[in-house]
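Undergrad: To start, I am sharing the structure in question, which I have written as structure tokens.
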């Protein structure tokens, strides 16, 4: 019997937080437990070998049987909603990586906590290439009303149903979207040239929808659907195949266009067997690849002969554009320093990434080791070289981990408390309660991919209303866009549940990682952490005392069992404990406190 592989990644908050100790069961089609696995400190399991059918069956279009074997997964992590994934196709010689995006349980004792303890159900099922349903994709092959530039949307918003269906929207990073669609559309066992040609078609199809604003010009709040009748197949929560992921990481910002044009060509496609169309035949690409054709030659067999592969470096949501040249051992400069600062911050959440001891801005052995481990953790080619796929993933994970830290601090400044406001808010409302609402929705959006985060401007506009409706749908409330008592209570239940159940990273064991804020200076930071300006300069290889907001610094650990902290506006014992990976009780005991009240300027000892 042939063997395929399945591994799990248990994470939450856009992969910002790995969940160690999650209990995983892999079951066969009859419900028998095949494996019991536990996730490590990166939230990963080992790859489990599973019996399946020979890969040759998935490479033959006239095979009448099922060219893979289905398995099921039941996953549980303390403090989070369980996940049940069924009908996972396992192919001979292929590794499927199942992302388990856990949702935090609501606060203990809330009216919704019992409901949310029911497992989240995800069904994967057969790929679109094996479906009999006809496809009638329509789109623009020439430019109409379009964007000014071809951009990679990050995230892309996918409607989980036909355009007019009252289904949820989900936001996902563009590379992960392409990996999901390719894994949902075709078989991962196909020749590399066939996979690459299909992935180019998938990328370009999506970029055409974004570039022409195909749905947004019609008043919809999404970029593309997951309906095979209209667009391309996307299954939220499904596993991604490594053979597909490797290709997507290499070409996710490349697309098909006609020579002399900028617009992504409308690359329609179908399976070419049970469904025929004017565009690419998915099964036909296998035949052409076996004849030795390149991906571009395959594409020119179905689309105009003058098509070419173009590239765009414009990616929305990125902190810094890819420098254009891969960074490796021996590289120097600000781009290397950026990578080092990103890895240093990410390491707090993923402690398996080794500390960087190289000189700032110098890509040495320790930087390569950190990059290699990061790549391994996030299923990238572990070569220790920062190419565009690694740069992109570093930027995305750094954004996710720092965004959580910012939201934690902001909640303390706002004084959210534990009791919801008693106001009723609707579109047109303004004021402090609207800011509170928008903040809570932004926190929820970090964990619930179907809830978009609104701008925090204190104005209840259409964007806030869309976010409220998405939240109400996610928690089974009437989606009326009005925030009354039930919606307030549900928001607070989830917000407080996050505080109860989500493990936050502690400080670096060798040094404290600190992000520079407005008004900071080296002297003030040194005083706050009981060290010296010279020690901070030396650890960070600084040649100037000038700091920039958002700059990441390593603060020397004194080696003592605690360090000093000066209370600032908006601080609370809970917030300080969360920020430094300790507990309120530990701070109380260390400082002999009999109350939780703090005063601005008060000096506390914080356990290291």
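The values are calculated or read from the model by the stated rules, or taken from the named source; none is laboratory data. Quick caveat, the model's predicted, so the values are computed rather than measured. Please note: Cβ atoms are built from the backbone with ideal geometry, for glycine as well, and neighbour counts cover all protein chains shown.
Undergrad: Before we move on, is residue 555 assigned to a strand (DSSP E or B) and either surrounded by fewer than 16 Cβ atoms within 10 Å (Cβ to Cβ) or modelled with pLDDT of 75 or more (or both)?
TA: Yes, satisfied.
Undergrad: Moving on to the next point. Working only within the stretch 283-321, note down all residues that are assigned to a loop (DSSP other than H, G, I, E, B), in contact with a strand residue (DSSP E or B) (Cβ under 8 Å, 6 or more places away or on another chain) and touching a residue at least 12 places away in the same chain (Cβ under 8 Å). Write out each step before concluding.
TA: Taking the stretch 283-321 and keeping what is assigned to a loop (DSSP other than H, G, I, E, B), we get 291-294, 301-306, 312-314, 316-321.
Right, trim to in contact with a strand residue (DSSP E or B) (Cβ under 8 Å, 6 or more places away or on another chain) and you get 302-304, 306, 312, 314, 316, 321.
If the condition is that a residue be assigned to a loop (DSSP other than H, G, I, E, B), in contact with a strand residue (DSSP E or B) (Cβ under 8 Å, 6 or more places away or on another chain) and touching a residue at least 12 places away in the same chain (Cβ under 8 Å), then 302, 303, 304, 306, 312, 314, 316 are the ones that fit.
Undergrad: Same structure, new question: Could you run through the stretch 82-96 and say how many residues are in contact with a helix residue (DSSP H, G or I) (Cβ under 9 Å, 6 or more places away or on another chain) and surrounded by fewer than 19 Cβ atoms within 10 Å (Cβ to Cβ)?
TA: Qualifying residue count, the stretch 82-96: 1.
Undergrad: Within the stretch 523-550, can you find the residues that are in a loop (DSSP other than H, G, I, E, B), surrounded by 15 or more Cβ atoms within 10 Å (Cβ to Cβ) and modelled with pLDDT under 75? Steps first, please.
TA: Going through the stretch 523-550, the residues in a loop (DSSP other than H, G, I, E, B) turn out to be 529-532, 541-550.
Filter once more, keeping what is surrounded by 15 or more Cβ atoms within 10 Å (Cβ to Cβ): 529-531, 542, 547.
Within the stretch 523-550, 529, 530 qualify.
Undergrad: Looking at the stretch 469-491 only, could you name the residues that are crowded, with 21+ Cβ neighbours inside 10 Å, out of contact with any strand residue (DSSP E or B) (no Cβ under 6 Å at 6 or more places or on another chain) and over 17 Å from residue 167 (Cβ atoms)?
TA: 487, 488, 490, 491
Undergrad: In this structure, is residue 390 closer than 27 Å to residue 243 by Cα, touching a helix residue (DSSP H, G or I) at 6+ places or on another chain (Cβ under 8 Å) and either without any contact (Cβ under 8 Å) to a residue 24 or more places away in the chain or part of a helix (DSSP H, G or I) (or both)? Lay out the reasoning, then the answer.
TA: Numbers: closer than 27 Å to residue 243 by Cα: yes; touching a helix residue (DSSP H, G or I) at 6+ places or on another chain (Cβ under 8 Å): yes; either without any contact (Cβ under 8 Å) to a residue 24 or more places away in the chain or part of a helix (DSSP H, G or I) (or both): yes.
Spelling it out, residue 390 is indeed closer than 27 Å to residue 243 by Cα, touching a helix residue (DSSP H, G or I) at 6+ places or on another chain (Cβ under 8 Å) and either without any contact (Cβ under 8 Å) to a residue 24 or more places away in the chain or part of a helix (DSSP H, G or I) (or both).
Undergrad: Among the listed residues 406, 410, identify the single one that is without any contact (Cβ under 8 Å) to a residue 12 or more places away in the chain, more than 24 Å from residue 326 (Cβ to Cβ) and within 24 Å of the chain's Cα centre (by Cα).
TA: Working: 410 fails: without any contact (Cβ under 8 Å) to a residue 12 or more places away in the chain.
Answer to the selection: 406.
Undergrad: To continue, here is another question. Here is a check on your reading of the model: is residue 399 within 29 Å of residue 207 (Cβ to Cβ) and surrounded by fewer than 16 Cβ atoms within 10 Å (Cβ to Cβ)? Working first, answer last.
TA: Values: within 29 Å of residue 207 (Cβ to Cβ): yes; surrounded by fewer than 16 Cβ atoms within 10 Å (Cβ to Cβ): no.
Spelling it out, it is not the case that residue 399 is within 29 Å of residue 207 (Cβ to Cβ) and surrounded by fewer than 16 Cβ atoms within 10 Å (Cβ to Cβ).
Undergrad: Let me ask you something else. Taking only the stretch 198-221 into account, find how many residues are in a loop (DSSP other than H, G, I, E, B) and crowded, with 20+ Cβ neighbours inside 10 Å. Break it down stepwise before answering.
TA: Taking the stretch 198-221 and keeping what is in a loop (DSSP other than H, G, I, E, B), we get 212-215, 219-221.
The next check asks that each one be crowded, with 20+ Cβ neighbours inside 10 Å; those that pass are 212, 214-215.
Adding up the residues that qualify gives 3.
Undergrad: Suppose we filter the stretch 38-80 for residues that are touching a strand residue (DSSP E or B) at 6+ places or on another chain (Cβ under 7 Å), outside any strand (DSSP E or B) and over 23 Å from residue 101 (Cα atoms); how many remain?
TA: Residues flagged as touching a strand residue (DSSP E or B) at 6+ places or on another chain (Cβ under 7 Å), outside any strand (DSSP E or B) and over 23 Å from residue 101 (Cα atoms) within the stretch 38-80 amount to 4.
Undergrad: What residue, among those in the stretch 558-579 that are assigned to a loop (DSSP other than H, G, I, E, B) and at pLDDT below 70, is surrounded by the fewest Cβ atoms within 10 Å (Cβ to Cβ)? Can you show your working first?
TA: Initially, the stretch 558-579 is screened for residues assigned to a loop (DSSP other than H, G, I, E, B), giving 558-561, 567-572.
Next cut, at pLDDT below 70 only: 558-561, 569-570.
On the way: 558: 15, 559: 6, 560: 11, 561: 9, 569: 8, 570: 14.
Among residues in the stretch 558-579 that are assigned to a loop (DSSP other than H, G, I, E, B) and at pLDDT below 70, the one surrounded by the fewest Cβ atoms within 10 Å (Cβ to Cβ) is 559.
Undergrad: Looking for something out of contact with any helix residue (DSSP H, G or I) (no Cβ under 9 Å at 6 or more places or on another chain), loosely packed, with under 14 Cβ neighbours inside 10 Å, assigned to a strand (DSSP E or B) and at pLDDT 95 or above - is there at least one such residue anywhere in the stretch 30-37?
TA: Of the residues in the stretch 30-37, the ones out of contact with any helix residue (DSSP H, G or I) (no Cβ under 9 Å at 6 or more places or on another chain) are 30-37.
With the extra rule that they be loosely packed, with under 14 Cβ neighbours inside 10 Å, the set shrinks to 30-33, 36.
Checking which are assigned to a strand (DSSP E or B) leaves us with 33, 36.
Checking which are at pLDDT 95 or above leaves us with 33, 36.
Yes, the conditions are met somewhere in the stretch 30-37.
Undergrad: Out of all the residues in the stretch 222-278, which are out of contact with any helix residue (DSSP H, G or I) (no Cβ under 6 Å at 6 or more places or on another chain), in a strand (DSSP E or B) and either in the same structural domain as residue 94 (by TED's automatic domain parsing) or surrounded by 19 or more Cβ atoms within 10 Å (Cβ to Cβ) (or both)?
TA: Matches in the stretch 222-278: 225, 257, 270.
Undergrad: Can you name every residue in the stretch 441-468 that is farther than 21 Å from residue 400 by Cβ and surrounded by 21 or more Cβ atoms within 10 Å (Cβ to Cβ)?
TA: Across the stretch 441-468, the qualifying residues are 460, 464, 468.
Undergrad: Could you grab me the full set of residues in the stretch 443-465 that are farther than 30 Å from residue 18 by Cα, in a loop (DSSP other than H, G, I, E, B) and touching a residue at least 24 places away in the same chain (Cβ under 8 Å)?
TA: Scanning the stretch 443-465 gives 458, 460, 461.
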